[in-house]
Amino acid sequence: MAAHGFSARVIDANIQFFHRFLGPGQPRLTRQECDENPITILSYYNDLERALLEKSRAFDGLHVGLRSLAMKWNRLHFGGVLASLEDRDANPFITFFEDLVRAEVLPAQPRIVGIAVTFQDQIVPSFTLAAVLRRLMPSAVIVLGGQIITRCYDSMVESAELARYYDYLALWDGELPLLAIHRKVLRGDGAADLTNVIEASTRSVESVSRTGASLAPTDIPKADFSDIDFGQYLFPEFLVPLQTTRGCYANCAFCAIPFGSNRYRVREVEKLLDEIADIQNQTLARHGHAATYFKFMEDTSSPSLLLEFAEQVERRGLDIKWETFARLEKAFTKPGFMEQLFRGGCRKIHWGLETNDPAILKDMNKKTDMSHTDEVLRLSGEAGVLNFCFILIGFPGETEEQRQALTRYIVENPHIHTLTIATFDLTRKSPMEISFSPDNPYGLDCVPAQDFQVRLPYTVDGQDWKPTIVPAAHRMMIEIVRSRPDIGFVTLFPDQIRSMFCDKYGNAWGRHFVERYGEDNIRDMLLNTEAYVKTFESKAEIDVATLPEPLKREHFRTKEDMALLAQAVLRRRDYETRRIEQV
């Protein structure tokens, strides 16, 4: 924006809310304390979770977690979102945003306010902010953008009530649409290119074009953190988000991630290194020490870019460590490739493993080969990189035998250091959803997406699939933790700290910590998880406070999904009853 003559300011309302909600006097964990006893970070975050739970009790139906948010009102339905905007007994964001707007936004008198809605947890807070802006700053132009807006715009434009809280929607990459809105609103430019901009006054989608309003790789701007105080974050070290690419070059059947960006682009290494140098200079000047840890927040990294980047980092002797997300590609098996990445600062890679079964991988359209997968994980682990694997359970057609084989593969692979297990969702704007037809090869039946639904209710071969695969995923995790307590132990730690521990203790730190002092933590996690699985299967009430953080996050999401699926089954039964009556 600055390059085109517009001044802007960034406010991270997320971290401000946590400080306000927790109140003054909350302890802070230093890097020195964490280094002296790494386990202190578990107690630190457990204490924060307990404090958040206690504060949540002051509101009706609220549970605020560090990485989860459950509220009285249903965030997936427009009616629930709109009702939450007036409910002070259930919505703590009303008072928070009133105070924030009065203190920081009103004095600046901005003509335009942009709100990024990236995750479903941000839907109610974002519309609460928009409602507060409408009351306190009625002349401000409100622009909504981000992943949720991009994936749900087609249902949003159907709601006149919802449109009261925004003036424009900016879809996909936001730079060019937001610039066009500024030109139109602030300069009266009637010729501004409003591709991928939806105006609330018309709610017309004629300007929508996924491949339009897309920056060239060389034009992607540097990240500007000048308004961000890294010292505010509840973390013992600076971890700076960065993008080396945009989008994803794959087309996995189940995944909606590629839809979230206009197209795949790879940035220039020289510009990335300049950007990192600027960030290090800023953090050194402001906080007394330079940021050294970076997380490449992208959908899929380019292997060739990572190699060139690592070579330049080593050649220049830069003090940076980084982690990223990548596909298990053959390119990573080139001799010396992974060693070079490690020497160039790589400490953790999130790999999209999903499964080890070739037939399922083919149905997923993953286009990865298990012979390459085994070799990539081995070479990466031997080079010293921490391997984080995404596992997907319950893809349509998957059998119990295939799940057992995957469990054995994980347990027996010493180069898998940690993982997350997700259950299959039919996600909005994934290839499976976009190309859905009744005669699809997966045996899927689904209810079209409504309102803010991102995970669609579905059945497989006429059966409600979730009650089968969710307990299967739980049992898989228990079996893995029993045989590989190091994997379970690493999952207890915040994802952000794992690469830092890898840098300090090596990528086998999970095994070392379990041997030293992790047995009680593992035992507690296992007992709580087993109790959760039994309670879940018996449909009894679950005490969320007893759950470890990763399981807590999954519980809230599963609970939401189950409600949707139950509604879908009832709708299907009503439909069948009507058809019988008609006949």
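So how much slack lies between Thr399 and Asn46, counting 0.36 nm per residue of separation and subtracting their Cα-Cα distance, in nm?
Fully extending the segment from Thr399 to Asn46 adds 123.4 nm.
Heavy-atom accessible area of Met476 with all protein chains present, probe 1.4 Å, nearest 10 Å²?
10 Å²
Enter the Cα centre distance for the pair region 1-51 and region 101-154, rounded to the nearest angstrom.
Region 1-51 and region 101-154 have Cα centres spaced 22 Å from each other.
Would you calculate, for the chain, the mean residue ellipticity at 222 nm contributed by helices, counting each DSSP H stretch of 4 or more residues as -39,500 (n - 2.57) and dividing by all residues, to the nearest 500?
Mean residue ellipticity, 222 nm, calculated: -14000 deg cm²/dmol.
Determine the dipole magnitude for the chain: charges of +1 sit on the beta-carbon of Lys and Arg, -1 on that of Asp and Glu, nothing else is charged, the reference point is the Cα centre, and the result goes in debye to the nearest 20.
Working: 68 positive and 81 negative charges, 117 e Å.
In total the dipole reaches around 560 debye.
For the chain, what does the accessible surface come to per residue with a 1.4 Å probe? Please give it in Å².
44 Å²
Tell me the chymotrypsin sites (Phe, Trp or Tyr not before Pro) within region 56-91 that lie in a loop according to DSSP and have at most 11 other beta-carbon atoms within 10 Å.
Answer in residue order: no site qualifies.
Of all accessible surface on the chain at a 1.4 Å probe, what whole percent is carbon and sulfur?
Percent of accessible area from carbon and sulfur atoms in the chain: 51.
Please compute the contact order of region 1-100 in relative form: average sequence separation of alpha-carbon pairs under 8 Å and at least six residues apart, divided by the residue count, as a percent.
Reported relative contact order: 16 percent.
For the pairs Lys222/Lys321; Lys222/Lys295; Lys55/Lys466; Lys362/Lys466; Lys295/Lys504, note any where the Cα-Cα span goes beyond 26 Å.
Numbers: Lys222/Lys321 19 Å; Lys222/Lys295 15 Å; Lys55/Lys466 32 Å; Lys362/Lys466 22 Å; Lys295/Lys504 17 Å.
The pairs that break the limit, which is 26 Å between Cα atoms, are Lys55/Lys466.
For Tyr249 and Ser139, compute 0.36 nm times the residue count separating them, minus their Cα-Cα distance, and round to one decimal in nm.
Answer, rounded to one decimal: 35.5 nm.
Can you give the accessible area of Glu412, probe radius 1.4 Å, in Å² rounded to 10?
Approximately 140 Å² of Glu412 is accessible to the 1.4 Å probe.
Spin-label point model (7 Å from Cα, Cβ direction): what's the Leu318 to Arg263 distance in nm?
If labels sit at Leu318 and Arg263, their model points lie 2.7 nm apart.
Collect residues whose amide H, placed 1.01 Å from N in the peptide plane, falls under 5 Å from the amide H of Ile393; neighbours closer than 5 in sequence don't count.
Ala422, Thr423, Phe424
Of Leu273, Leu426, Ser226, which is farthest along the charge dipole of the chain in the positive direction, counting Lys and Arg as +1 and Asp and Glu as -1 at C-beta?
Of the candidates, Ser226 comes out farthest on the positive side.
Calculate the FRET efficiency for Glu311 and Ala359 from the Cβ-Cβ distance with a Förster distance of 35 Å, rounded to the nearest 0.05. Please report the intermediate quantities before stating the final value.
On the way: r = 38 Å, r/R0 = 1.09.
E(calc), rounded to 0.05, equals 0.35.
Tell me the relative contact order for the chain as a rounded percent, counting alpha carbon contacts under 8 Å between residues six or more apart.
Value for the chain: 10 percent.
Using a 1.4 Å probe, how large is the accessible area of Lys271, given in Å² and rounded to the nearest 10?
For Lys271, the solvent-accessible surface is approximately 70 Å².
Could you put Cys34, Cys255 in order of accessible surface area, largest first, with the 1.4 Å probe and the full protein assembly present?
On the way: Cys34 0, Cys255 30 Å².
Descending order: Cys255, Cys34.
Between Thr30 and Glu206, how high is the FRET efficiency from 1/(1 + (r/R0)^6) when r is the Cβ-Cβ distance and R₀ = 56 Å? Nearest 0.05.
On the way: r = 54 Å, r/R0 = 0.97.
That gives a FRET efficiency of 0.55.
Counting only protein chains, not ligands or nucleic acids, how are His474, His512 ordered by accessible area (probe 1.4 Å), most first?
If we order His474, His512 from most to least accessible, we get His512, His474.
Give the calculated FRET efficiency between Gln450 and Ala331 to the nearest 0.05, with a Förster radius of 45 Å applied to their Cβ-Cβ distance.
0.65
Multiplying the sequence separation of Ala191 and Lys271 by 0.36 nm and subtracting their Cα-Cα distance, what value in nm do you get? All intermediate terms of the calculation are to be shown ahead of the outcome.
Numbers: separation 80, 0.36 × 80 = 28.80 nm, distance 3.18 nm.
25.6 nm is the gain from fully extending Ala191 to Lys271.
The values are calculated or read from the model by the stated rules, or taken from the named source; none is laboratory data. Model, not experiment: these values are computed from the prediction. Note: ideal-geometry Cβ built from the backbone for every residue, glycine included; neighbour counts use all protein chains shown. Quick note on the areas: whole protein, heavy atoms, side chains included, nothing else; ligands and nucleic acids left out. Shrake-Rupley method; radii C 1.70, N 1.55, O 1.52, S 1.80 Å.
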